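First comes the structure, then the notes that go with it.
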There are 2 protein chains.
Amino acid sequence: MAHYTLNKDTIAALSTPQGSGAIAVIRLSGENAISIVEKTTKTKNLKPKQLANRNSHTVHFALLVENDVIIDEVVITLFKAPNSYTGEEIVEIACHGSVFIQQQILQLLFKHGARPAQAGEFTLRAFLNGKMDLSQAEAVADLIASNSSTSHQVAMQHMRGGFSNKIEVLRENLVNFASLIELELDFSEEDVEFANRTDLKKLIHTIQSIIEKLVSSFEVGNVIKNGIPVAIVGKPNAGKSTLLNVLLDDDRAIVSEIPGTTRDTIEDELIIEGVLFRFIDTAGIRTTTDVIEQIGVNKAFEAIKKSAIIIYLFDTHELSRGDLKLEMNLIKEHIGTSQLLIVGNKIDFENLKDLKKEFEDVPSILFISAKEQKNIEELKKALVNLFDTRTLNTTDTIVTNSRHVNSLNKAHEALVKVNEGLSSNIQSDFLALDIRYALEALGEITGQVTNEDLLDNIFSKFCIGK
Amino acid sequence: MAHYTLNKDTIAALSTPQGSGAIAVIRLSGENAISIVEKTTKTKNLKPKQLANRNSHTVHFALLVENDVIIDEVVITLFKAPNSYTGEEIVEIACHGSVFIQQQILQLLFKHGARPAQAGEFTLRAFLNGKMDLSQAEAVADLIASNSSTSHQVAMQHMRGGFSNKIEVLRENLVNFASLIELELDFSEEDVEFANRTDLKKLIHTIQSIIEKLVSSFEVGNVIKNGIPVAIVGKPNAGKSTLLNVLLDDDRAIVSEIPGTTRDTIEDELIIEGVLFRFIDTAGIRTTTDVIEQIGVNKAFEAIKKSAIIIYLFDTHELSRGDLKLEMNLIKEHIGTSQLLIVGNKIDFENLKDLKKEFEDVPSILFISAKEQKNIEELKKALVNLFDTRTLNTTDTIVTNSRHVNSLNKAHEALVKVNEGLSSNIQSDFLALDIRYALEALGEITGQVTNEDLLDNIFSKFCIGK
């Protein structure tokens, strides 16, 4: 943290989404935030506007004025240091949401000494001023990007310090032992042991198993954040596109109750009961001698490998039980650890009973009609059940960030060395060094240990204005 | 106004632009705004959040909670009736700008008794509660839509009551006379004249000339709001498209200093020194026997008719002074009252002197090279000078709304009848009736006289959340 210089200048940016709307909010943070806004505002009667003497957390009407031209009637909110998001003086200007007005106001603020904020610079300042740790700051970005109830809940838990606290407990226990062992170094002539080696072994073991659990939670955390990859595969004309359209349209109808949300959804993503599924398009799979077509088929196999769930869709009019068995053999080697859902499409309801009998030995098979939108709800339920992240206890800590996984793995490696050292009765100074490595790795997560490149990398991914 | 029932229920909507950003603001207005938000929020320690007992214009941190799940950490601003935009209780919730979170919060508010706000419903309530008159409310929408300094300034002046005051003065003077004349009716047996007919004539004359000036200002007001239509015409290959691209690209480079503005600009619009120009594409103009091509040429002539400014572009290598004269004859009859700017393109700088000499008798001719971006600034200056709306005194009232023009015309017609009545010594009761018509027409502008259809029509064009 000490490596990073905290700029004392005052930054300003649009904090609400780009574009035009009823209102927009422009945010300033820094020593001169209030004085800059005082320079650009007037009272209703065009008298100078006094803001510095007003209380924190209060709201004031004002005219934003440049060269006697009124740019806008605005509402100004004061958050005085240290009781603000960044810990600095913050002024928020709520203006009319015209893009032209937003620009005019920003230009005016820049003219009077504010500087355009970098992406994530408000949150960077919050971190540097100790308002939150690094994993909480990262969770702010995750929260803004969250698009399903699971990704939202995990980000919220991280932002509120759930993950940081867990790491902090591990660190504290380890720091205790590190201090005792480092104390031994001072008395190295006397060959004393302040740190009980049996207790330390126990602790290392506990911490390792917690780290292992956290690392393994990333598999879930990653799909929560980025969506569960689902491949719909099957022969050409099995009805894959129809099914995808039915799934996506169904959902869009629900989502669009609130206008403007559609532009943020991506064609191939679908949220079912708060869980995000990401569908991967595949070409029809069949044995072919056509080289070009084979490329498409190979791509389908690749999609299968990348997916957590595979929907194998077949036309119940085309495929018999025997054919299905052959087909399964064709894709079996590509499935790996993915979950497989076999779905018979284009069902005739008169023959459904016969169909069920024909395929009765196929586990967890489903019959639908994509075209007639029959049994689609059942299919959705099956998808959710196959990867039911909602049953995860929300108090469980789930790692969603690959940077955190890397740090956890580094800590784990160092602890393995500590363990080896303990077994071989290594010297205290080497032991202390490995414990320090572990501490450092854990400290990277919460930001006790950091550097400029890391911070740049994290905050450059933020949106401007946060 | 009495015809329109003010709903007492509490409305809620997203007030910031659609999409994801650092923060978003959700606004509630109505009797239960505070109690609804109290039901959905908790303190940092998950205790019930008390808001009703807090002061107006204060800001409070809170957790938005549903079934013990934290939806977001939010900042709540209270505006208590009548000191709010709508005149009702207003609560603004600033949340993290994820679309998912915005939706969750809105759904939660709807579940606890808020209703989705209609387009413009906050401003409609402000009007119905007497916080602003109708022309001011309309100016709010114009302000949000403003995209140039001129349209912005006119909208701001209207929103701050500049236009309403002018209308109000006319009305008041007229109301005085109307009362006196109506008084005469009570004494109709006695044939008295309380209202001095000479003074009335003078007043009517003054009001008529003010109305005429206002109506004629609409020509300017309309182009300020919608842009000055400019047609670039000329023979095929004169370089029309190149010129348009050079003009537009130049501008885009400036506009894009602030990210996100580009998506609100339209390909064919260009702001030069705060004035909005709207370019109309035309086909090349030449005499042709080809029927299809003639259709294109006719369309170009139509574009000329619709334009306030015509740029006639010609290739200086192709067209001599004599040719230009013939060309001018070809388009002359279509020009009407539009301004004409003759521009010679593809200049060689060695021959510029000769060129200038050749065309010296052509008034206000300009020479450019669109491809080499030479003298483009001069062309822009010429455009601005041809329609210099900025020289308009900003204290001049400019009508930008065709609804207002209609009402002004209706008032004018009624006043013509009053005048005729005065000249022919018509009975007081007919006179009073015509004055009332004029008053009603003026009252439509500010909303003293209104009806549900009119209000629906006006506010349905607003964005939701304002």
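The values are calculated or read from the model by the stated rules, or taken from the named source; none is laboratory data. Keep in mind it's a predicted model, so treat the numbers as computed, not measured. As a convention, Cβ positions derive from the backbone with ideal geometry for all residues, glycine included, and neighbour counts pool all protein chains shown.
Residues that are of a type outside the set (S, T, N, Q), surrounded by fewer than 22 Cβ atoms within 10 Å (Cβ to Cβ) and touching a Pro at 6+ places or on another chain (Cβ under 7 Å) are absent from region B:61-78. Among the residues of region A:274-292, the ones that are exposed (fewer than 15 other Cβ atoms within 10 Å of the Cβ) and either more than 18 Å from A:I335 (Cα to Cα) or modelled with pLDDT of 75 or more (or both) come to 5 in all.
Considering only region B:162-174, I want to know if a residue exists there that is at pLDDT 85 or above and either within 14 Å of another protein chain (Cβ to nearest Cβ) or touching a strand residue (DSSP E or B) at 6+ places or on another chain (Cβ under 8 Å) (or both). Yes, because at least one residue in region B:162-174 is at pLDDT 85 or above and either within 14 Å of another protein chain (Cβ to nearest Cβ) or touching a strand residue (DSSP E or B) at 6+ places or on another chain (Cβ under 8 Å) (or both).
For region B:110-123, filtering for residues that are away from chain A (no Cβ under 12 Å), outside any loop (DSSP other than H, G, I, E, B) and touching a strand residue (DSSP E or B) at 6+ places or on another chain (Cβ under 7 Å) leaves 1. Look at (1) more than 19 Å from A:V75 (Cα to Cα); (2) at pLDDT 95 or above; (3) more than 14 Å from chain A (Cβ to nearest Cβ) and you find that B:V65 fails only one, number (3). Which one of these is out of contact with any helix residue (DSSP H, G or I) (no Cβ under 6 Å at 6 or more places or on another chain), within 14 Å of chain A (Cβ to nearest Cβ) and in a loop (DSSP other than H, G, I, E, B): B:K461, B:K466? Answer to the check: B:K461. The number of residues in region B:124-135 being free of Cβ contacts under 8 Å to residues at least 60 places away in the same chain and assigned to a helix (DSSP H, G or I) comes to 1. Please pick out the residue among A:H158, A:H152 that is free of Cβ contacts under 8 Å to residues at least 60 places away in the same chain and either assigned to a loop (DSSP other than H, G, I, E, B) or more than 16 Å from A:L439 (Cβ to Cβ) (or both). After ruling out the rest, the residue left standing is A:H152.
Summed over region A:413-451, the residues that are surrounded by fewer than 21 Cβ atoms within 10 Å (Cβ to Cβ) and in contact with a His (Cβ under 6 Å, 6 or more places away or on another chain) give a count of 1.
B:V416 meets the conditions (1) closer than 30 Å to B:A438 by Cβ; (2) of a type outside the set (D, E, K, R); (3) touching a Ser or Thr at 6+ places or on another chain (Cβ under 9 Å) in every case but one. The failed one is (3).
A single member of B:S56, B:S15 is closer than 30 Å to A:I101 by Cα and buried (at least 23 other Cβ atoms within 10 Å of the Cβ), and it is B:S15. Under the condition of being farther than 19 Å from A:I272 by Cβ and touching a helix residue (DSSP H, G or I) at 6+ places or on another chain (Cβ under 8 Å), the residues counted in region A:222-239 number 3. Of the listed requirements (1) within 11 Å of chain B (Cβ to nearest Cβ); (2) surrounded by 21 or more Cβ atoms within 10 Å (Cβ to Cβ); (3) not polar (S, T, N, Q), A:D133 misses just one: (1). Condition first: assigned to a helix (DSSP H, G or I), crowded, with 23+ Cβ neighbours inside 10 Å and more than 7 Å from every other protein chain (Cβ to nearest Cβ). Now tell me which residues in region B:79-104 satisfy that. Matches in region B:79-104: B:Q102 only. Taking region A:314-351 as the search range and keeping residues that are assigned to a loop (DSSP other than H, G, I, E, B) and among the β-branched types (V, I, T), which one is farthest from A:T242 (Cα to Cα)? Filtering first and then ranking leaves A:T337.
Among the residues making up region B:180-208, those that are of a type outside the set (D, E, K, R), surrounded by 14 or more Cβ atoms within 10 Å (Cβ to Cβ) and at pLDDT below 90 are B:L180, B:I181, B:L183, B:F194, B:A195.
This table checks each residue for (1) touching a residue at least 40 places away in the same chain (Cβ under 8 Å); (2) within 19 Å of A:K417 (Cα to Cα); (3) within 37 Å of the chain's Cα centre (by Cα).
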position	(1), (2), (3)
A:L180	no, yes, no
A:L183	no, no, no
A:F187	no, no, no
A:E190	no, no, no
A:L203	no, yes, yes
A:T206	no, yes, yes
A:S209	no, yes, yes
A:V215	yes, yes, yes
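Among the residues of region A:52-60, are any more than 12 Å from chain B (Cβ to nearest Cβ), polar (S, T, N, Q), over 20 Å from A:F110 (Cβ atoms) and in contact with a helix residue (DSSP H, G or I) (Cβ under 9 Å, 6 or more places away or on another chain)? No, region A:52-60 has no match at all. Among the residues of region B:367-378, is any modelled with pLDDT under 90, over 30 Å from B:I311 (Cβ atoms), of a type in the set (S, T, N, Q) and touching a helix residue (DSSP H, G or I) at 6+ places or on another chain (Cβ under 7 Å)? Within region B:367-378, not a single residue is modelled with pLDDT under 90, over 30 Å from B:I311 (Cβ atoms), of a type in the set (S, T, N, Q) and touching a helix residue (DSSP H, G or I) at 6+ places or on another chain (Cβ under 7 Å). Note on region B:217-232: among residues that are touching a residue at least 24 places away in the same chain (Cβ under 8 Å) and out of contact with any strand residue (DSSP E or B) (no Cβ under 8 Å at 6 or more places or on another chain), the one that is farthest from B:G336 (Cα to Cα) is B:K225. On the stretch given as region A:27-51, residues that are without any contact (Cβ under 8 Å) to a residue 40 or more places away in the chain and within 12 Å of chain B (Cβ to nearest Cβ) total 2.
In summary, B:A13 fulfils each of the numbered conditions (1) at the interface with another protein chain (Cβ under 10 Å from one of its Cβ atoms); (2) without any contact (Cβ under 8 Å) to a residue 12 or more places away in the chain; (3) not charged (D, E, K, R) with the single exception of condition (2). Of all residues in region B:113-139, those being within 30 Å of A:I144 (Cα to Cα) and touching a Ser or Thr at 6+ places or on another chain (Cβ under 6 Å) number 3.
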